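What follows is a single structure, written as structure tokens, with notes after it.
Each reported figure results from applying straightforward, stated rules to the coordinates on display, with no laboratory input. Keep in mind it's a predicted model, so treat the numbers as computed, not measured. Backbone-built Cβ (ideal geometry, glycine too); neighbour counts: all protein chains shown.
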Amino acid sequence: MPRTHRQHWTSEDRQARRYRYVSFDVPPGAAGVAVHLDYDASLAVVDLGVLDPEGFRGYSGGARDRFAITGVAATPGYLPG
């Protein structure tokens, strides 16, 4: 079932803390995860990456606004599994 997480950050938030994390769970048996970042690119550059409980799973910086990870495939820059 798709889930949406909405966040709003300001330039003041950026000054207070460089990195922002949005936690989510992947239910057992899920085919994978797909993330889409929606923001006004004329106002900011947002770097996108993902960690799991074991650590680094991928990073695309500001080059992408979305990625997908499944058990057997992933967007370039991300690790399947």
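Structure values in brief
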{"read-out": "Hey, Ser23 loosely packed, with under 10 Cβ neighbours inside 10 Å and either aromatic (Phe, Trp, Tyr) or under 24 Å from Leu79 (Cβ atoms) (or both) or not", "value": "yes"}
{"read-out": "Filtered residue count, the range 69-81, keeping only those that are in a strand (DSSP E or B) and either out of contact with any Gly (no Cβ under 6 Å at 6 or more places or on another chain) or among the hydroxyl-bearing types (Ser, Thr, Tyr) (or both)", "value": "3"}
{"read-out": "Residue in the range 44-65 that is over 9 Å from the mean Cα position of the chain (by Cα), under 26 Å from Met1 (Cβ atoms), among the aromatic types (Phe, Trp, Tyr) and not in a loop (DSSP other than H, G, I, E, B) present", "value": "no"}
{"read-out": "Filtered residue count, the range 23-43, keeping only those that are farther than 16 Å from Gln7 by Cα and under 14 Å from the mean Cα position of the chain (by Cα)", "value": "5"}
